[in-house]
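Enquirer: Structure below; questions to follow.
The values are calculated or read from the model by the stated rules, or taken from the named source; none is laboratory data. Computed from a predicted model, the values in this text were never measured in an experiment. All Cβ positions, even for glycine, are placed from backbone atoms using ideal geometry, and neighbour counts span all protein chains on display. Quick note on the areas: whole protein, heavy atoms, side chains included, nothing else; ligands and nucleic acids left out. Shrake-Rupley method; radii C 1.70, N 1.55, O 1.52, S 1.80 Å.
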Amino acid sequence: MRIFFTAFVFFLLPFSLLATPVTGLIRDQKGTALPYASVSIKGTKKGTTANSSGRYSLNLEPGQYTLVAEYVGYKRVEQPVTVAGTAVTLDFELPVQELTLSEVIVKKGEDPAYGIIREAIRKRDYYNNQVDSFSVSVYIKGLLRSGTMPKKFMGQKIEREPGDGLDSLGKGILYLSESVTEVDFSRPDKIKYRVVSSRESGGGYGFSFPFFINFYQNNVSVFGNNLNPRGFISPIADGAINYYRFRYEGFFMDGDKMVNTIRVTPRRKNEPLFTGVIQITEDDWRIYSTDLVAVKSQGLEMLDSLRIRQIHGAVDADVWKTKNQVLQLDLRQFGFHITGSFVNVYSDYNINPGFGKKHFGRTIMKYDSSFNKKDSNYWNAVRPVALENDEKQNFVFRDSLSRIWRDSSLSRRRLDSLRKNQPPPTVKGIFWSGQGHTFYARESSVRWQLRPLIKQVEYNTVEGLSVNVEQSFSYYRRKSKYNYRLDWNTRYGFSNSHLNSWADLTMSPKSLGYRNRYIKIGGGKRVSQFNQDNPVSPLMNAVYTLLWNKNYMKIYENWYGRVEYNNKLENGLSINISGVYENRIPLRNTTDFSIYNKDREFLPNHPYELVAIPFDKHQALVASATVTFQPGQRYIEFPNSKMPLPSNKPVFTLEYSKGIRDLFGSDVDFDKWKFSMADNMNFKIAGEFRYRVGVGGFLNNNRVEIPDLQHFNGNQMFYNFKYLNSFQLAPYYRYSNAEEFYVFGHAEHHFNGLLTNKIPLFNKLKWHLVGGANTFYVNQDNYYVEVFAGVENIFKLFRVDFVTAIQPGAGNNFGVRVGLGGLLGGRISFGQ
């Protein structure tokens with residue numbers, strides 16, 4: 001019976017698992033391996049790609065085949081092979097492609113390459129839109145290797161993880177993954193990914209997004225424009241001849257098809273352009289292959305170089321698509337040397353998939369429930385790119401470590417080890433870098449975190465020197481449906497001898513984490529700024545107070561209780577509802593100490609611009625609701641969770657606050673509203689435009705206290721981070737009001753190298769222009785307009801703006817503001 005059962009299971013196995021491996025090495029006539037060469041089975045749409053050592057592997061059923069090896073710049077070679085049940089070794093030796101320079105007619109000294117490129121440009125749009133929809137299966141292999149690694153980075157010692165797979169010099173494999181993803185596409189922009197299988201060395205989801213780099217588009221996106229927000233100009237873009245020089249290097253025959261080889265060279269530096277070779281077929285003028293490189297001097301950011309190699313081929317009678325694509329990257333920064341490759345092998349194209357009306361939805365990528373449960377037999381059968389020896393070892397080694405950790409994660413021995421190996425508290429941790437500790441139990445854990453005390457020391461004219469203790473407790477229980485977090489803050493002012501302490505308890509469900517759903521309950525005694533958007537940084541306020549006697553931050557004390565609920569729905573709609581009760585207590589200055597300018601008097605703590613509005617002790621009960629909607633919300637769906645992806649649509653926000661009088665002794669009585677719209681619009685080569693506009697006002701202003709007024713976020717310091725939510729030269733409280741209606745607008749354009757690429761110094765430094773305007777209008781006596789021009793991407797982090805403003809009664813004003821902006825700085829958000 002056992003023999004019969006074994007035979008039956010063996011019979012049920014896919015026959016491809018019993019197929020015979022055909023392996024070999026692809027090299028040139030000098031014996032040099034040709035990495036990522038293409039191998040296909042003649043007469044079929046099946047094939048594979050060699051690895052970085054030129055080795056390939058195919059699993060074939062018994063029979064007669066002809067294998068075809070291809071590599072850009074080399075002749076295609078065909079060899080017959082007979083598969084009869086035993087492993088076969090079949091090597092290829094590819095001669096350099098000898099190009100023929102036929103007699104051509106040269107008109108006005110023009111290289112014949114330009115005529116070919118013009119023909120390709122005419123056909124570009126046709127090929128880009130040739131099919132309305134298609135489906136394809138993509139094998140994706142991602143690999144990052146470390147060549148060298150410094151001991152320290154930015155003055156901090158680099159802590160190596162045990163079992164990271166690197167040697168003592170930091171050399172080895174940093175990241176390794178492989179995936180099989182099925183892709184469905186329909187015009188104009190509907191796409192759906194199904195991850196059939198994926199694995200990452202050491203555990204994880206792997207790199208499962210295939211990058212479709214399309215040179216038939218005018219603007220070529222690489223890694224989602226993360227390497228250049230302007231994208232790159234295709235060698236066959238509509239205006240390519242204005243950006244590139246082309247040189248005809250000859251042609252060769254692929255069967256009865258003539259293939260032209262053209263050398264591509266940028267006309268000038270610091271434009272987002274490629275250099276290399278593009279091959280275009282005669283008569284039908286389609287792309288045959290590409291071997292193009294982007295470098296730093298041509299607009300590439302973050303990396304030193306990126307090489308893109310593609311081979312195209314027929315997938316239908318008159319339809320060609322990418323057969324394989326290899327991205328090779330090189331990074332040399334701050335003592336790191338990292339190289340990598342991302343290989344995509346495309347197979348089983350279907351250009352008439354017949355998708356149903358509901359085939360595409362909000363889920364853009366979905367992982368199969370068993371995506372990470374495939375064994376080595378499966379991967380050996382489906383993998384079209386052979387693994388290197390060290391890649392095989394890396395998978396085995398790091399997967400074993402991951403399995404050991406997972407199996408022992410809840411064992412008593414593991415818990416004892418975790419408790420014992422926690423670093424003890426240190427003076428540096430408590431005062432400068434932060435301190436943490438985890439309390440482990442079999443079914444639960446509590447994580448305690450303390451923010452560094454030195455960095456929480458503040459100084460202002462009300463409290464004098466104040467010390468803040470900010471700590472959090474996160475409770476995790478394995479069988480609970482919820483996570484709990486307690487944030488506890490304690491603050492003491494040495495000049496006014498006031499002790500404040502308050503806390504927030506947040507409860508959030510473990511499931512549906514992508515919806516940011518939580519309930520928060522808080523209360524205690526705290527210090528708040530009159531403008532609850534907190535426009536003044538406590539640190540910078542201390543600097544201005546001590547050095548220049550300018551106490552910009554205005555604060556009051558309040559005993560408070562607060563309840564908040566937040567939920568984000570899958571359609572992009574977010575709801576936040578809160579209720580807060582405050583017993584508001586006015587504060588006054590208690591110290592006039594400063595280091596310089598001691599003869600200058602400090603302004604009172606009450607905003608001097610609002611001297612006509614008294615602020616006495618009172619109570620306020622305020623209910624608020626905020627509804628935010630962003631169309632086009634999409635998700636990645638994992639077997640047990642989802643992850644939202646950024647949408648390219650505008651964000652609409654409606655806010656409403658109600659001051660409720662008499663309930664619980666509340667004195668306030670108002671109805672306040674605001675509607676806004678914000679968006680970032682990427683025009684690629686022309687730069688990026690960002691805006692935020694809105695309207696608002698008070699439906700009822702029977703009693704509005706200073707904290708409840710409409711405040712426009714001013715800025716009287718030298719720096720600015722909230723560009724789309726502040727006015728760079730406006731006073732903090734001059735324009736605060738409770739009027740029925742107002743409008744506001746913020747707009748800025750980031751040129752991202754446009755125009756400055758014509759200025760040699762800016763070109764070399766990669767500084768970019770930015771310009772825009774901020775304005776609001778309440779009435780003829782209360783309005784503000786400012787325009788600015790600046791430079792950003794300074795060290796890829798900083799931005800300097802030169803601003804001029806028009807204000808009623810104050811006339812024109814001019815100032816300079818420093819902040820964050822550019823490739824890295826622009827990604828840091830400060831509540832805009």
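Enquirer: Kindly write out, for the stretch 788-794 in residue order, the coupling ³J(HN,Hα) from the Karplus curve 6.51 cos²θ - 1.76 cosθ + 1.60 (θ = phi - 60°), rounded to whole Hz, with x marking Gly and Pro.
Expert: 8, 9, x, 10, 10, 6, 6
Enquirer: Going by alpha carbons, how many degrees (0 to 90, nearest 10) lie between the helix axis of 389-408 and the longest principal axis of the chain?
Expert: 40
Enquirer: Give the separation of the Cα centroids, the stretch 176-203 to the stretch 375-389, in Å.
Expert: Cα centroid to Cα centroid, the span is 17 Å.
Enquirer: If you don't mind, another one. Report, in debye and to the nearest 20, how large the dipole of the chain comes out about its Cα centre when Lys and Arg carry +1 and Asp and Glu carry -1 on their Cβ. Can you show the working numbers first?
Expert: Working: 104 positive and 78 negative charges, 393 e Å.
Roughly 1880 debye, rounded to the nearest 20.
Enquirer: Filter the chymotrypsin sites (Phe, Trp or Tyr not before Pro) in the stretch 332-385 to those in DSSP coil with at most 10 other Cβ atoms within 10 Å of their Cβ, and list the result.
Expert: Taking the stretch 332-385 and a limit of 10 other Cβ atoms within 10 Å, the loop chymotrypsin sites (Phe, Trp or Tyr not before Pro) found are 334.
Enquirer: Over every pair of different alpha-carbon atoms in the stretch 247-295, take the mean of 1/r and invert it; report that Kirkwood radius in Å. Write down the numbers at each step before the final one.
Expert: Details: mean 1/r = 0.0859 Å⁻¹.
By the Kirkwood definition, the hydrodynamic radius is 11.6 Å.
Enquirer: Here's another thing I want to ask about it. Provide Rg and Dmax in Å for the stretch 672-767, with only Cα atoms included in the calculation.
Expert: Expressed in Å, the Cα Rg and Dmax of the stretch 672-767 come to 18.1, 60.
Enquirer: For the stretch 622-676, with the dipole built from +1 on Lys and Arg beta-carbon atoms and -1 on Asp and Glu ones, taken about the Cα centre, which of 646, 628, 663 lies farthest toward the positive end?
Expert: The residue sitting farthest along the positive end of the dipole is 646.
Enquirer: Using heavy-atom solvent-accessible surface (probe 1.4 Å) with all chains present, what is the largest-first order of 61, 470? The partial results should precede the final answer.
Expert: Working: 61 90, 470 45 Å².
Highest to lowest solvent-accessible surface, that is 61, 470.
Enquirer: If you don't mind, there's one more thing I want to ask. Just to be sure I understand: of the beta bridges DSSP finds with both ends in the chain, what percent are antiparallel, rounded to 5? If you can, show how the numbers build up before the last one.
Expert: Details: 275 of 287 bridges.
Percent antiparallel among DSSP bridges in the chain is about 95.
Enquirer: So for each of 511-523, 126-138 I average, over its residues, the number of other beta carbons within 10 Å; can you give me the resulting order with the highest mean first?
Expert: Values: 511-523: 15.5, 126-138: 17.2.
Sorting 511-523, 126-138 by mean packing, highest first, produces 126-138, 511-523.
Enquirer: Just to confirm the number: angle between the C-alpha axis of helix 2-12 and the first principal axis of the chain, 0 to 90 degrees, nearest 10?
Expert: Tilt of helix 2-12: around 80 degrees.
Enquirer: Once amide H atoms are placed 1.01 Å from N in the peptide plane, what residues at a sequence separation of 5 or more from residue 550, or on another chain, have their amide H within under 5 Å of its amide H?
Expert: 545
Enquirer: Less than 18 Å apart at the alpha-carbon level, and either on another chain or at least 8 residues along: which aspartates and glutamates does that give for residue 550?
Expert: 458, 463, 592, 599, 601, 609
Enquirer: Name the residue farthest towards the positive end of the dipole of the chain from the options 594, 212, 289, assuming +1 on Cβ of Lys and Arg, -1 on Cβ of Asp and Glu, about the Cα centre.
Expert: 594
Enquirer: Under 19 Å from the Cα of residue 151, which lysines turn up, not counting those fewer than eight places away in the same chain?
Expert: Hits, sequence-local ones excluded: 171.
Enquirer: Could you pull out the trypsin sites (Lys or Arg not before Pro) across the stretch 184-273 that fall in loop regions by DSSP (anything but H, G, I, E, B) with no more than 13 other Cβ atoms inside 10 Å?
Expert: 267, 268
Enquirer: Ok, one more. Which order do 427, 543 take when ranked by solvent-accessible area (1.4 Å probe, heavy atoms of all protein chains), largest first?
Expert: Numbers: 427 110, 543 50 Å².
The most accessible residue leads, giving 427, 543.
Enquirer: What FRET efficiency comes out for residue 802 versus residue 510 if R0 is 45 angstrom and r is the Cβ-Cβ distance? Round to the nearest 0.05. Each step should come with its number before you reach the end.
Expert: Values: r = 50 Å, r/R0 = 1.10.
Computed FRET efficiency for residue 802 and residue 510 comes out at 0.35.
Enquirer: Pairing the Cα long axis of helix 112-128 with the longest principal axis of the chain, what angle in degrees results, from 0 to 90 and rounded to the nearest 10?
Expert: 70
Enquirer: Can you give the FRET efficiency for residue 378 and residue 66, using 1/(1 + (r/R0)^6), R0 = 25 Å, r = Cβ-Cβ distance, to the nearest 0.05? Let's see the in-between values first.
Expert: Values: r = 28 Å, r/R0 = 1.10.
Calculated transfer efficiency: 0.35.
Enquirer: Can I ask one more? Which trypsin sites (Lys or Arg not before Pro) in the stretch 524-602 sit in a loop by DSSP (not H, G, I, E or B) and have at most 10 other Cβ atoms within 10 Å of their own Cβ? If you can, show how the numbers build up before the last one.
Expert: On the way: sites: 525, 526, 550, 554, 562, 568, 584, 588, 598, 600; in loops: 550, 554, 588, 598, 600.
The qualifying sites are 588, 598.
Enquirer: Please list 89, 506 in order of solvent-accessible area, largest first, computed with a 1.4 Å probe with all protein chains present. List each step's numbers first, then the result.
Expert: Working: 89 105, 506 25 Å².
Highest to lowest solvent-accessible surface, that is 89, 506.
Enquirer: Still on this model: Which lysines have a Cα lying under 16 Å from the Cα of residue 366, excluding residues fewer than 8 positions away in the same chain?
Expert: Within the straight-line limit of under 16 Å, residue 366 reaches these lysines: 190, 192, 358, 642.
Enquirer: Could you please tell me the mean projected area of the C-alpha convex hull for the stretch 32-105, averaged over all directions and given in square nanometres to one decimal? Numbers along the way, then the final one.
Expert: Details: hull surface 25.7 nm².
Directional mean of the projected Cα hull area for the stretch 32-105 stands at 6.4 nm².
Enquirer: Could you please state, rounded to a whole Å, how far the C-alpha centre of the stretch 504-572 is from the C-alpha centre of the stretch 661-729?
Expert: 16
Enquirer: Measure up 568/684; 649/684; 722/796 against 22 Å on the Cα-Cα distance and list the ones that go over. Don't jump to the answer; show the numbers that get you there.
Expert: Details: 568/684 31 Å; 649/684 16 Å; 722/796 18 Å.
Violating the 22 Å Cα-Cα cut-off are 568/684.
Enquirer: What does the accessible area per residue of the stretch 294-339 come to in Å², with a 1.4 Å probe and no ligands, DNA or RNA counted? List each step's numbers first, then the result.
Expert: On the way: 1720 Å² over 46 residues.
That works out to 37 Å² per residue.
Enquirer: Quickly estimate the mean residue ellipticity at 222 nm for the chain, helices only: each DSSP H run with n ≥ 4 gives -39500 (n - 2.57), and the total goes over all residues, rounded to 500. If you can, show how the numbers build up before the last one.
Expert: Details: 8 runs with 85 residues, N = 832.
Mean residue ellipticity at 222 nm (helix-derived): -3000 deg cm²/dmol.
Enquirer: Where the only charges are on Cβ atoms (+1 Lys, Arg; -1 Asp, Glu), what is the dipole of the stretch 211-305 about its Cα centre, to the nearest 20 debye? Don't skip to the answer; put the middle values down first.
Expert: Details: 10 positive and 11 negative charges, 103 e Å.
Magnitude of the dipole: close to 500 debye.
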